[in-house]
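Let me begin by presenting the structure, written as structure tokens, before commenting on it.
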Amino acid sequence: MTIKVIIFDCDGTLVDSEVLANEVLVDYLAECGHVMTVEIAVRAYTGIKMAECVADLERRFRTPMPDRFIDVYRERMTSAFADRLRPVRGADALLSSLELPVYIASSGPREKIQNSLNVTGLQGYFSGRDSIFSAYELGHWKPDPAFYRAVIDRLGVLPTDAVVIEDSLPGIRSALGAGVVTIALGPGERLSGELAGAIYAADLLEAGEIVRGLVEERERVP
């Protein structure tokens with residue numbers, strides 16, 4: 001039983017987009033007359049389907065969001081990304097060191113994923129269309145385990161053949177629920193209860209060491 005593929009989330013895992021995206025959201029909300037902090041937005045909406053974010057905003061503020069809210073938000077986010085988006089520290093070093101096939105599995109639209117990779121210079125690691133999986137094409141969203149089950153199925157491997165690297169709680173839940181070895185970036189204190197099966201990594205550099213250790217461990221098993 002060997003590890004055959006490494007699957008990365010995109011936002012917050014490979015590209016440092018979560019705070020930036022939520023700064024854009026908070027500024028747009030302020031224009032609409034609604035007050036929210038970036039910290040609250042990050043906690044509430046990281047890894048969540050955009051339609052669910054809007055539904056939650058409408059519940060919070062007890063009013064519909066403006067027409068084309070999502071379209072305008074995405075346009076502003078794309079502009080902000082072009083100027084300020086950067087790769088997560090260690091992303092390029094890790095991707096260039098891995099000898100296994102790498103893939104991206106994200107809740108975002110394919111266009112957003114590809115734009116983020118292009119802006120941050122990581123596109124060369126995921127150049128084929130089959131290297132990217134978008135929830136909008138799979139028809140499943142994190143935290144539903146069906147999201148990662150669909151990714152694994154399309155890759156033609158078993159859950160035990162893969163390692164997922166995620167930063168968001170929805171992503172961690174989806175991967176663990178699908179039975180995939182999951183490396184969780186971010187605060188380690190989150191990894192209790194149903195998330196206790198995830199492997200904590202302080203950053204991508206540590207995640208890379210964990211991946212290499214897992215590969216070596218599997219290779220030693222007869």
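Do we find a residue being part of a helix (DSSP H, G or I), surrounded by fewer than 16 Cβ atoms within 10 Å (Cβ to Cβ), among the acidic types (Asp, Glu) and modelled with pLDDT under 95 anywhere in segment 187-196?
Within segment 187-196, one or more residues are part of a helix (DSSP H, G or I), surrounded by fewer than 16 Cβ atoms within 10 Å (Cβ to Cβ), among the acidic types (Asp, Glu) and modelled with pLDDT under 95.
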Sole exception among (1) modelled with pLDDT of 95 or more; (2) surrounded by fewer than 19 Cβ atoms within 10 Å (Cβ to Cβ) for residue 99, by number = (1)
Residues of segment 96-116 satisfying the condition of being touching a residue at least 40 places away in the same chain (Cβ under 8 Å) and not polar (S, T, N, Q) = 98, 100, 101, 102, 103, 104, 105, 108, 113
key: Among residues of segment 3-45, those that are assigned to a loop (DSSP other than H, G, I, E, B) and crowded, with 21+ Cβ neighbours inside 10 Å, counted   = 6
request  = Test residue 128 against the stated conditions and say whether it is outside the structural domain of residue 80 (by TED's automatic domain parsing), surrounded by fewer than 20 Cβ atoms within 10 Å (Cβ to Cβ) and at pLDDT below 95.
outcome  = yes
query = Considering only residues of segment 107-153 that are in a loop (DSSP other than H, G, I, E, B) and among the small types (Gly, Ala, Ser), which is farthest from residue 13 (Cα to Cα)?
reply = 139
task = Go through segment 46-75 and give me each residue that's of a type outside the set (Gly, Ala, Ser), within 17 Å of residue 107 (Cα to Cα) and surrounded by fewer than 12 Cβ atoms within 10 Å (Cβ to Cβ).
result = 71
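The values are calculated or read from the model by the stated rules, or taken from the named source; none is laboratory data. Small disclaimer: the values here were computed from a predicted structure and weren't measured. Backbone-built Cβ (ideal geometry, glycine too); neighbour counts: all protein chains shown.
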